[in-house]
Amino acid sequence: IPYLLDRFGYSASSSFVVPRQCQLARYLPDGSIYVRHLDRCTSTLAEMGLLGWMRSSDYRHRVVTAILYMNSPKWEGGGNLRCFEEDNEESLIDVIPAGGTLVLFDASKIEHLVQPSSQERYALTLFINGVLSP
């Protein structure tokens, strides 16, 4: 992990904060999805207004998203994580949520979505906060 953080410029961060809590998500096999989004809020105060800006304070500091899948290692139930490469709409990566799979990505650059699953599935997510230096 330190090699990857350095390779992609995260070692330039002036700080990283790993929260003491994480998010355990349970996805039901009911056809629901997570729409395409970024995990870090990149909108400005002028775009959001003061109230929206204040409400998004937890999202503005996210630097890296870490997801650990808690399903069977031989998962075949759908619910893939689809990641879109920055600045290339045609390049995407589908991650099968097999148990034990750990995914790390830039919270401000990688748009992603979750596809519907045919089985109940679980994902443990941690948002690492920080301030990237220019």
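The values are calculated or read from the model by the stated rules, or taken from the named source; none is laboratory data. Because the structure is predicted, anything quoted here is derived from the model rather than measured. With ideal geometry, Cβ positions are generated from the backbone for all residues, glycine too; neighbour counts draw on all protein chains shown. Just the protein is used for accessible areas: all its heavy atoms, side chains included, with ligands, DNA and RNA removed. Shrake-Rupley method; radii C 1.70, N 1.55, O 1.52, S 1.80 Å.
How do M70, M54, M48 stack up against each other in accessible area, from largest to smallest, with a 1.4 angstrom probe?
Details: M70 95, M54 115, M48 60 Å².
Heavy-atom accessible area, descending, gives M54, M70, M48.
Determine the share of region 28-134's accessible area contributed by carbon and sulfur atoms, expressed in whole percent, with a 1.4 angstrom probe. Could you put the intermediate results ahead of the total?
On the way: 3530 of 6310 Å².
Accessible surface attributable to carbon and sulfur in region 28-134 totals 56 percent.
Residues H61, H37, ordered by accessible area of protein heavy atoms at a 1.4 angstrom probe radius and largest first, appear as H61, H37. In the complete set of protein chains, residue-level accessible area for I33 is approximately 100 Å², probe 1.4 angstrom. Loop-located trypsin sites (Lys or Arg not before Pro) across region 11-86 with a Cβ neighbour count of 16 or fewer within 10 Å are R20, K74, with loop assigned by DSSP.
Go through S117, S57 and list them by solvent-accessible area, largest first, probe radius 1.4 Å. Before the final figure, lay out the partial values.
Values: S117 15, S57 45 Å².
Correct descending sequence by accessible area is S57, S117.
What does the C-alpha gyration tensor say about the overall shape of region 57-134? Classify as rounded when a/c is under 1.5, otherwise prolate if a/b is larger than b/c, or oblate. Cα axes put region 57-134 in the oblate bin.
Helix 45-55 against the longest principal axis of the chain: what's the angle in degrees, Cα atoms only, rounded to the nearest 10? The helix 45-55 is inclined about 70 degrees to the chain. Averaged over its residues, region 39-105 has an accessible area of 61 Å² per residue, based on protein heavy atoms and a 1.4 Å probe. For region 16-112, the dipole from Cβ point charges (+1 on Lys and Arg, -1 on Asp and Glu) about the Cα centre works out to 560 debye, to the nearest 20.
Per residue of the chain, what 222 nm ellipticity follows from adding -39500 (n - 2.57) for every DSSP H run with n ≥ 4, rounded to the nearest 500?
-4000 deg cm²/dmol
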